[in-house]
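Novice: Right, I'll just put the structure down here and ask away after.
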Amino acid sequence: MNFYAIRAIYKFEMARTFRTLMQSIASPVLSTSLYFIVFGTAIGSRMGDIDGVSYAAFIIPGLVMLSLLSESISNASFGIFFPKFSGTIYEVLSAPVSPFEIVAGYVGAAASKSILLGLLILLTARLFVDYTILHPIWMLVFLALTAVTFSLFGFIIGIWADDFQKLQVIPLMVITPLTFLGGAFYSINMLPDLWQTISLFNPVVYLVSGFRWAFYGVADVNIGLSLGMTGLFMLTCLATIGWIFRTGYRIRS
Amino acid sequence: MHSIIKVQDLGKTYDSGFTALNNISLEIKRGEIFALLGPNGAGKTTLISIICGIARATSGNVLADGFDIVLNYREAREKIGLVPQELTNDAFESVWSTVNFSRGLFGKAPDKAYIEKILRQLSLWDKRNAKMRELSGGMKRRVMIAKALSHEPDILFLDEPTAGVDVELRRDMWEMVRELRESGVTIILTTHYIEEAEEMADRIGVIRKGEIILVEEKSALMDKLGKKTLSIHLQCNLNAIPSELSAFNLTLDQEGSYLHFSYDSTESDRVAELLAQLNTLEIGIKDLNSSESSLEDIFVDLVKEA
C-alpha cells in the first residue's frame, strides 16, 4: 500500500480547501444558516410540530444533508476534474498508485471536508434552534456514510465531466431537486399516498430519514432500510469506479 | 551494458481507429542518453505515455528495469520520472509543496534535504515559496524537472524538454541532463531540435508513422548516413560537366565556376579519384571546400523516405 501517495493527495486536497476557506466552508455554512433563520425561526415558528418535533428542529437533519450531499459531490468532482482539466493528472496516472489509493486520497479528502462542514452547520444551527441528538454515534455514522458515498458519486461525475457545465449539471439539476423532494423540509408521511410511493424511489429520502432518526428517533422509513439503501448506493458507486479504472474511461486512453 | 527499458512489439490503436504505434521494439541501455526523433504525430509521445502508464498499449509489452509496466506497475513506475511536453502545473501551489507532492505520490518518505538539493541544482531554491503562476515559462520547466526527479528515478523521460525555452536556458538544461547522466540516470528525450540530439545523445532512434525506422549510435549514424559535399572552385568556368566525369555525382553551378561533388562519408577515396581526373582533364582548381551534412539533414532524408 502506497500510504505516502494517499497522504500526498489527501494533504493536497485539504490544502486547497483551507486556501479557499470562504468558498469551501464559510459560504455553505452561511447559506444553511439563512435556511435556519428563514424556514426555521421565521416561518417555522408559525408551523405546528411534526412527529412531536418543532418544525425548526425538524428541518435541521434535512438541511445538513442538503449541504453534505452538494458539498461532497462538489468537492470530490472538482478534486479529480481539475487535474484532468489542467493536465496535471499525468502525474497521478504515472505514479505507482493503485486505483484504491487514488480514490482513498481524493474521496477521503472530499468526505473529510463535508463531515467538517456538516458538523460546523450543526454547531451553527445551535445558535438559532434548540435540538437534541438521541443517537449521536448513529448520527456520525450516517454523516460519514453519506459523505463518503456522495464523494464517491462526485468522483464519478468528475471523471465523466469534460467541461465545467457537466461538472455542475448533476448537483444542480438532479441532487438539489432530489434533496428538496426527499423530505428535507417535510415528512413524506404528509404527502398523498401516490406521492409517498413515488418518494420512495428517491434515494435521498432514506438518507434524510435515517439521519433524522439519529436526532429525534422518528423516521419516514425503517432505519435498517435507510442504511441498506445508502450502502447499496455506495456499492453501486464503488462498482462504477472499479469499471472506470478497469477500462480507463476518460482518464487513461 | 544491459537494457533498462525493453519495448517488445508495442502497438497502440486508438478508439478512433488511428494506429499510433505499429509493433515497435526498442531497447534503451542503462546510463545512456537516448534521443527519439520524429516528425509531429510520429508516435513519440504515445510511446512515452505508454511506458509511463498514462496510456494503455493495444498489444506488446514493456519492461522497465526488468519490471513489466502493467503486471509490476508499482516497481516499474518507481523507476521512472517524466517531464511532459506541456507545462501543466497547479497554478496556486508553491514550488516547494508541488515538488514534495510529487515525491509523496511516488511513495517516498518526505526528505527535505533531498528536495532542497534538487531545487538548488535547478536554481529554484530562491523560488521555493513562489506560486507556480508567478513563475516564468523557463522556471516552470525547471519545476517540472524537479518534480520528475523528486522520487530519485533511475530513468528520466524528457518529452520536448526545451520547447519554448530561450537559448541560455536550453544550454543550462543540456548541462543538467549531462550531470544527471553522470549520476547514473538513464535519459530518454524526444525533441524537435536536432541540434539537441546532436549535442547530447549517445544513441538516436527515429520514429515515423508509428514505426521505429532506425536506432543507431549517434557517431555511427553520422558516419553511415552522413553526406559530404566537396565544392571545387574552378580557375576557368565550364559550360557543362565533361563526359569523362559522368561517373561522379557532380553538379555545376549556374555560372560554371563551381563543381559540387556529393558523396557518402564512407567513400572518401573517391575524392582523390575525382581530383586526379580533373588533373588529367587539365581543369584548374582555385580552391576546395568540403562540408558534412548535419543530423538534421540526415533526419530530414530519413523521414522523407516513404
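No value in this document is a laboratory result; all are computed from the given coordinates. In this text the structure is predicted, and so the values were computed from the model without any measurement. Heads up, the Cβs are rebuilt from the backbone with ideal geometry, glycines too, and the neighbour counts pull from every protein chain shown.
Novice: Do any of B:K227/B:K286; B:K79/B:K127; A:K84/B:K112; A:K84/B:K147; B:K127/B:K147 go past 25 Å between their Cα atoms, and which?
Specialist: Violating the 25 Å Cα-Cα cut-off are B:K79/B:K127; A:K84/B:K112.
Novice: Report, in whole Å, the centroid distance computed from the Cα atoms of the stretch B:132-198 and the stretch A:141-182.
Specialist: Result: 41 Å between the Cα centres.
Novice: Still on this model: Which ³J(HN,Hα) values, rounded to whole Hz and listed in residue order, are derived for the stretch B:233-242 from phi using the Karplus coefficients 6.51, -1.76 and 1.60 in 6.51 cos²θ - 1.76 cosθ + 1.60 with θ = phi - 60°, glycine and proline given as x?
Specialist: 7, 8, 5, 10, 5, 10, 7, 7, 6, x
Novice: Another question about this same structure. Under 5 Å between amide H atoms, partner at least 5 residues away or on a different chain: which partners does B:L37 have, H built in plane at 1.01 Å?
Specialist: Long-range HN contacts for B:L37: B:G205, B:V206, B:I207.
Novice: Turning to a different aspect of this structure: Remind me, relative contact order of chain B in percent, using alpha carbon pairs under 8 angstrom and six or more residues apart?
Specialist: Numbers: 548 pairs, mean separation 59.5, N = 306.
Relative contact order, chain B: 19 percent.
Novice: B:I212's amide H: which non-local residues (gap 5+, or another chain) put their own amide H closer than 5 Å, with H modeled 1.01 Å from N in plane and none for Pro or chain starts?
Specialist: B:S25
Novice: Can you give me the angle between helix A:55-86 and the longest principal axis of chain A, using Cα atoms only, in degrees from 0 to 90, rounded to the nearest 10?
Specialist: 10 degrees
Novice: Mean-square fluctuation check for chain A, GNM, Cα pairs under 10 Å: which of A:S54, A:S70, A:S226 is largest?
Specialist: Maximum fluctuation in the GNM of chain A, among the listed residues, is at A:S54.
Novice: Compute the distance from the alpha-carbon center of the stretch B:1-65 to that of the stretch A:57-73, in whole Å.
Specialist: Between the Cα centres of the stretch B:1-65 and the stretch A:57-73 lies a distance of 50 Å.
Novice: Does anyone have the angle between helix B:112-121 and the longest principal axis of chain B? Alpha-carbon axes, 0 to 90°, nearest 10?
Specialist: Once rounded, one gets 20 degrees.
Novice: Something else about it: No solvent, one uniform scatterer per C-alpha: report log10 I(q)/I(0) for the stretch B:227-293 via the Debye equation at q = 0.13, 0.19, 0.23, 0.28 1/Å, two decimals.
Specialist: Here log10 of I(q) over I(0) equals -0.31, -0.68, -1.02, -1.51.
Novice: Give the long-range amide H neighbours of B:I4: residues separated by 5 or more places, or on another chain, with amide H under 5 Å away, using H modelled in the peptide plane at 1.01 Å from N.
Specialist: Placed amide hydrogens put B:I28, B:K29, B:R30 under 5 Å from B:I4.
Novice: Taking the stretch A:175-204, which chymotrypsin sites (Phe, Trp or Tyr not before Pro) meet the DSSP loop condition and have no more than 13 other C-beta atoms within 10 Å?
Specialist: A:F201
Novice: Is there a quick way to get the dipole size of the stretch B:227-293? I mean about its Cα centre, with the Cβ of Lys and Arg at +1 and of Asp and Glu at -1; what is the value in debye to the nearest 20?
Specialist: 80 debye
Novice: Report, in degrees rounded to the nearest 10, the 0 to 90 angle that the Cα long axis of helix B:269-280 makes with the longest principal axis of chain B.
Specialist: Between the helix axis and the principal axis of chain B, the angle is about 20 degrees.
Novice: Find the all-direction average of the projected area of the Cα convex hull for the protein assembly as shown, expressing the result in square nanometres with one decimal place.
Specialist: 33.8 nm²
Novice: Turning to a different aspect of this structure: Summing -39500 (n - 2.57) over the DSSP H runs of n ≥ 4 in chain B and dividing by its residue number, what mean residue ellipticity at 222 nm do you reach, to the nearest 500 deg cm²/dmol?
Specialist: -10000 deg cm²/dmol
Novice: Here's something else I'd like to know. Within the protein assembly as shown, what percent of beta bridges assigned by DSSP are antiparallel, to the nearest 5?
Specialist: 70 percent
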